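These notes are about the structure you will find just below.
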């Protein structure tokens, strides 16, 4: 059965997994990156989650409210837990010093695994799309994952905004 599942997985899914692993390993190292690049991974993870949302499922249009609750909870938790961390920015250079962490890789793999598992389960059991508990759990989970990325990004943006701009001498 596993061989069937893997063999029916489109090639682009494996390319996406390779990208996620590559970016996750990069995130494990301290590095200085351009401020605008901070938005790449949250945007990709947001796209992955939103592409799984189904207004025609058990939650109907309420899917967005359930997802938003998850996002708010994940962002608030990330903001609160990371409040003591020092973020170094250089507005003059347009860069941010990003501390290495394995957490982004774990989160990206969790989103990928959740999306993959949901796709397999709903392909094997289409009735799950109309199951309220399943739909709510998956939607909240995607929201929480996205919220963690949003919360982390918000901390970097706040540090950027509060860093005084260098003045010309």
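The table for this structure:
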quantity	calculated
Between 0 and 90°, nearest 10: helix 40-50 axis offset from the chain longest Cα axis	20 degrees
Folded to 0 to 90 degrees: helix 103-124 orientation relative to the chain principal axis, Cα	20 degrees
Net length gained if the chain between residue 76 and residue 133 were fully extended (0.36 nm per residue, minus Cα distance)	18.1 nm
Neighbour-count ranking [beta-carbon atoms within 10 angstrom, fewest first] of 19, 162	162, 19
Cα→Cβ-extended label distance, 7 Å offset, between residue 93 and residue 29, nm	1.6 nm
Radius of gyration and maximum dimension Dmax of the chain, Cα, Å	18.3, 68
Between 0 and 90°, nearest 10: helix 132-162 axis offset from the chain longest Cα axis	10 degrees
Separation in nanometres of the label points that stand 7 Å from Cα toward Cβ, at residue 1 and residue 69	3.2 nm
Residue order, fewest to most surrounding Cβ atoms within 10 angstrom, among 12, 116	12, 116
Taking 32, 127 and counting other C-beta atoms within 10 Å, the order from fewest to most	127, 32
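Read-outs throughout are calculated quantities, based only on the coordinates presented, and are distinct from any laboratory measurement. On a predicted model such as this, the values are computed, not experimentally measured, just so you know. A quick note on method: Cβ atoms are made from the backbone with ideal geometry, for glycine too, and the neighbour counts reach across all protein chains shown.
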